[in-house]
Amino acid sequence: MTSVLSRTPRQATSDTLPVLIEGGGAAGITAGLDLAAAGRRVHLIERSGHLGGQMLNLDKIYPTDHCAFCPLWTDIRRLQTDPRITVHLSSRIESLDTTGEGSLATIRTEPPLIAPERCIGCGACFDACAPGAVKPPGEHVYPPSFRIDRDLCNRCGSCVGICPSAAIDLAREEERETLKVGQVIRAAGFIEADLKPLPEFGYGLHPDIMTSLEFEAWTAEAGPNDGRIVRKSGGGRPANIAFVQCSGARDDRLLPWCSAVCCMHALKQSSWVKRRDPGIDCCIFYTDLRTVGRDYYAYSRRAEDKAGVRLVRGRPGLIHPLPGGGIAVKFEDTLTQKREIRRFDMVVLNGNLRPSAGDRYENGAEPPAEACGFAAEPADVAQSAWQGSAAAMMAISRDKEGPCRA
Amino acid sequence: MPGVMVFLCRCCGRIPPTVDLLALGEKIGREEGVAVVETRDTLCLPEDRAAMLRSFEESGASGILVAACSPYGKAGDVVTTLSAACDGDRSHVRLVDIREGCAWIHRGDPAGATAKAGDLIRMNLGFLRHGKRSADAVVAVRPECIVVGAGSAGMAAALSIARAGHRVHLVERGMGGGGMLKLLSHVYPTDAGAEEKLKPSLEAISAQPLIVFHAKTRVVAATGYAGDFKIRLASGTGETNLHVGAVILATGAGVWLPRGLYRYGELKEVLTLMELERRRREGRESPRRTVFIHCVGARCPERPYCATICCPSSIKNAAWIKRADPGAEVTILHRDIMMPGAILERYYRGALEAGVRFVRFAADAPPVVSGDGKVENVSVFDAINGVEREIAADQVILSTPLVANADNAKLADLFHIGIDRYGFFREDDPLHPLETRQAGVFICGSARWPVASGDAAAQGEGAAMKALAILGRERLSARSLSRLPEGKLGHARIEDGFCSGCGNCVAVCPYEACALQKVGGALVSRANKMRCRACGSCMSVCPNGTIQMPEHNARAVGAMIRRAFSPREAR
C-alpha cells in the first residue's frame, strides 16, 4: 500500500460526520474519492451490485474514443481499498431524518444471494440454474460476480451445492442499518425511460429497434459480438442503421427536456460503426446537433466529413417493422422539405434518459443535500465528474460556513 | 530464505484438469531460484489470502509469484493484498494469469495449456530475479495555494480553499475580482443581475483573512511540483515570490471581435453580445426590431468549435427585449440551438413563449446585413421553410464565441500542462476533467473550456477540492501521486556517469519530468520523481540504457523475453 505517511491528513477529522453519497457512478465515485483524499469519511450507497454506474455500460467514451473501463477501473479499486470509504452495494436510502444534528439515514440492503467477495466467476451456478435466475456479470463489472435474480429464483437450491467456493446463500434476507451522517450528495444518475408509451417509435416490436444503451452493449468490443456490427434478428450484417435522436425527449408526452448527452453519443456510435464496417450506411435523425464540449463539434465534423455518417434534420413520425423484414422509418427532411419512407435494418433510439431517483432533476436540492451528475441535470462523464468534485467541496464548505458559489 | 515462493491456485478445480498443476508444480519447483511451491484451492477468498500471506511471511522468501486468474478477475485484489504486505513494493510480487489466459482459452488442449502456464511462470521468475524498486521521494507540503484568475471560477476556488483553512494567493491581472461577470448585465439561466450575484463573492473575498489578493499581477516564473511550487509574480510595483503546494488556473477566456463580418465596425447598429450587455447594464433600451445572428466566427474553419455559452446568452437577451417590450420584433438566426439539458431547454422554451422568432440558416448560406448608413434589413434563407426572408431590423446582435486567452500558452508552458488546438487548457481525461498531466496543477472555468458563470464557479469549487487533497497533507510522497490504489508503479532513474546528455528523454517525456542539467561541466538528464508517471517513454529512447524504470528494468524484461523464446525442450 502507498506509504501511510503520505495519505495521513493534516487535520484530525474525527469531529466531522461522514458524508452520505447516493450513487456509485462517475459523479458519486469522484465525490467519494475527493472527500476521502481530503480526510473525510464517506458512506457510498449504490443500488446495483457493483460500482461504476452507467459508465460501465459504455464501450467507448467521447470525444477521446477511449475505453470507458480503464480510468473507471482504477478509480473503483481505489474506492474499494480506501479505509475512509464504506461502500454499501445493493442498497438504497430508505429514509433520511434531518431533524437533529446531522442526519439519520436508514439504509436498506438487499444482499446479493451470491456473495461477490466469494464468487470466483466460474459459472457453475449459471449452468445449474433451471429457471434462468442466475445472471452472468456484465462485461466491465469489477469484481466480476454472478448474481441471482430474486424474482426468478425458485429457491430449488441446485446452485448452492454446486458452488465450489460456498458463495451462495439463498436465505439471505434484506438488512436495515441506520447511519449517522452529515452532508448528503445525491448522485443517483439516470436510467432509460420506457418508450413503449410512444407507439410511433416501434420500440418492442422488432429486435432491431433498440435503445442506444442496448445498441452499445450489443456492439461493444467486449460484448456478445466482439465488436462486430450484426443484426439481432438473424445475425446478418445490416446494410444501414438509423439513429433517431430526441426519442421521447424534448417531447411533452414523455420527457420535456433535452438529455444533453445523446447527440454526441449517436455521433460516437455511428463513427464506431463506420470504423468497424465502413460499408454500413449510418444516418442520424436530429433536431439540433448539440455538440457543446471540447472537441465535440470537431468530432461531429469528423463523423460527417471523414467517416461518412449522414445527418438528416428531422424527427421520424413513424418507425415500424416491415412484413418482409427490415424496419420502415417515415420522416421529413426538414432542410429539403422532402417526405420519405426509408427501409433500415436497424434503428437505434437515443434520448430517452431520465433521472433514476425520480421524475425530475434535483437541481434545486435542499441542504444538507447537494445533487450532482445526471441526478441534478443531464450530464456526460466529464460534467458528472467535475460536478462530483464540486458537490464534495460543497459538503465540506457547508460544514464550515456555507457555500462559496457566486 | 532466499528465493521465490510460488503459489498455484486451483480455483476450485477451474484451472485443473486443463492445466496439470501437479506436473507444473514439480517442474517449477526445480527452477533456479524457487524456494517452495504451494498449491491452494482458492487464493482469492479471504481465508486463503490470509493463509497465503502468513505462509509467505513465515517463509521469509525474497519474492512471491501467484499463478491464478486475470487481474481483471479476482486476482487484482490478491495483488493489492500482497503489495500492501510488502509496503507497496511490487518488485517482489508477480501475478501470472493461468486461468483465463491458459486453462479457459485452451480448454481443448491440456498439454498446450500446461506448457503455456509453465512458460509464463518461468518468464516471471526471470523477471523477479532482476526486479528492483525505485526510491521514493517525499516533499513537505506547503499548505498554501495559488489561484490564477479572479473570475467566477477563481473566486469560488479561493473562497473554498480559504474556508477549509488554507492561505490562498488570488492573482488577477486586472484591478478587481469578477472576471467576465463584470461585463454582463444578467446571467442565464436564473436571469439574476450579474452585479447582485457578484457582490457577495467580492465581499466574502475581502473579508476573508486567508485570501491575499494580488491585483494587476501576472505569473512570470514557476518551478517545482505538487506540494512544492515556487512562483514569481510581477506587478507594476515589483516582484513577489510565492511558495505554494498547489496551483489552480482559472484565467477565463477572451471575447472575440467579429471585425469585417456582417458589417460589424461599419454600421454602428451592428453590435456584439457583449456590447448589448453593456447597453443593458447602462439601462439603455433596445430599438423595436432586433435580429440576433448566431455562430458568428464559431463552428467555422478558423474556430471549429461551439463555444457553449453563446446560444443561451443571446436567447437570454432576446427574451429580455421581448419581455420588456411585447411589441418588439426579435428574431434569432441560428444554425443549431445549443441548449442541452433540462434547465436550458426550459429556458429556450421560455424565449419561444415570450414570442422570440427563430429562423434556421445553413452554414453555407449565411444571412446578409444591408442598409445604407444604418442597419435596415437582414436577408436570410430560411432553411426549414425553404424560403428567402427579408427581416427589417433596427439593430443586429452578433453572437460570437469565447476564445482562449493568449496567456494560456505561456502559463501552460510554465506549469508543464497541455493546451488543446484552440488554446484552452487540456484536462487529463474525461473522468478527471479538472486535473492536468501535472499533479498539483488544476484547471477550471472558461480557461479549460467555455462555461456559464455558475458552472465555472462549481468547477472552481471542484478544483479547490482536488487541491485540498494535497494541501491537507503534511508530506506528499511521489509514489502516492497515482490513481492506482497500490501507488505509482515506479520512477525513471538515470544512472550517473553514463548519461551522454543527448536529450532524447527530454523530448519524449509527456510530463516534462526529464530535464537536462549541468553537472560538473557536462549536460546530463535528471528525472523528477514528483512529475514522472512511470510511462517508460524515456527508457525506450535512451540510446545507451542509462534510464531505467527499476520496476521494469531492461534486465528484468530481457530475462522474460529470453525465457519466452528459448526452446521448450532445452529447459
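Being within 29 Å of residue B:550 (Cα to Cα), facing chain A (nearest Cβ under 7 Å) and out of contact with any strand residue (DSSP E or B) (no Cβ under 8 Å at 6 or more places or on another chain) is a condition met by at least one residue of segment B:465-474.
All told, residue B:351 meets the bar of being buried (at least 24 other Cβ atoms within 10 Å of the Cβ) and either modelled with pLDDT under 95 or part of a helix (DSSP H, G or I) (or both). I'd like to know if segment A:113-125 contains one or more residues that are over 27 Å from residue A:25 (Cα atoms) and not assigned by TED's automatic domain parsing to the domain that holds residue A:370. Checked against the condition, which is being over 27 Å from residue A:25 (Cα atoms) and not assigned by TED's automatic domain parsing to the domain that holds residue A:370, segment A:113-125 yields at least one hit.
Per-residue answers, yes or no, for (1) farther than 21 Å from residue A:46 by Cα; (2) of a type in the set (A, V, I, L, M, F, W, C); (3) surrounded by fewer than 17 Cβ atoms within 10 Å (Cβ to Cβ):
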| site | (1), (2), (3) |
| --- | --- |
| A:91 | no, no, no |
| A:101 | yes, no, yes |
| A:109 | no, no, no |
| A:127 | yes, no, yes |
| A:130 | yes, yes, yes |
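For segment B:338-389, give me the residue count where each residue is touching a helix residue (DSSP H, G or I) at 6+ places or on another chain (Cβ under 8 Å) and in contact (Cβ under 8 Å) with a residue 40 or more places away in the chain. Selection size over segment B:338-389: 3.
The set of residues in segment A:149-169 that are part of a loop (DSSP other than H, G, I, E, B) and either of a type in the set (Ser, Thr, Tyr) or in the same structural domain as residue A:17 (by TED's automatic domain parsing) (or both) contains only A:165.
For segment B:158-166, the criterion of being of a type outside the set (Asp, Glu), in the same structural domain as residue B:416 (by TED's automatic domain parsing), part of a strand (DSSP E or B) and modelled with pLDDT of 95 or more is satisfied by no residue at all. Would you mind stating whether residue B:396 is assigned to a strand (DSSP E or B) and under 30 Å from residue B:320 (Cβ atoms)? So residue B:396 fits the description; yes. Of all residues in segment B:244-261, those being part of a strand (DSSP E or B), under 14 Å from residue B:415 (Cα atoms) and not small (Gly, Ala, Ser) number 4. If the condition is being over 17 Å from residue B:487 (Cα atoms) and in contact with a Ser or Thr (Cβ under 8 Å, 6 or more places away or on another chain), then segment B:72-99 contributes B:97, B:99.
Yes/no matrix, rows are residues, columns are (1) facing chain A (nearest Cβ under 7 Å); (2) surrounded by fewer than 24 Cβ atoms within 10 Å (Cβ to Cβ):
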site	(1), (2)
B:414	no, yes
B:419	no, yes
B:447	no, no
B:451	no, no
B:459	yes, no
B:462	yes, no
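Of the strands (runs of 3 or more DSSP E) contained entirely in segment B:32-101, those carrying at least 2 residues that are more than 14 Å from chain A (Cβ to nearest Cβ) and under 25 Å from residue B:549 (Cα atoms) fall at B:63-68, B:93-97.
For segment B:168-209, a residue qualifies if it is among the hydrophobic types (A, V, I, L, M, F, W, C), crowded, with 18+ Cβ neighbours inside 10 Å and in a loop (DSSP other than H, G, I, E, B), and exactly one does: B:184. Does residue B:21 meet the test of being within 30 Å of residue A:145 (Cβ to Cβ), modelled with pLDDT of 85 or more and more than 14 Å from chain A (Cβ to nearest Cβ)? So residue B:21 fits the description; yes. Residues that are within 12 Å of chain A (Cβ to nearest Cβ), surrounded by 22 or more Cβ atoms within 10 Å (Cβ to Cβ), in a helix (DSSP H, G or I) and touching a residue at least 60 places away in the same chain (Cβ under 8 Å) are absent from segment B:315-326 altogether. The number of residues in segment B:1-24 being crowded, with 16+ Cβ neighbours inside 10 Å and either part of a loop (DSSP other than H, G, I, E, B) or small (Gly, Ala, Ser) (or both) comes to 8. On inspection, residue B:27 passes the criterion of being of a type in the set (Lys, Arg), closer than 15 Å to residue B:120 by Cα and not in a loop (DSSP other than H, G, I, E, B).
The values are calculated or read from the model by the stated rules, or taken from the named source; none is laboratory data. Here the structure is a predicted model, which is why all the values come from computation and not from measurement. We place every Cβ from the backbone using ideal geometry, glycine too, and count neighbours over all the protein chains shown.
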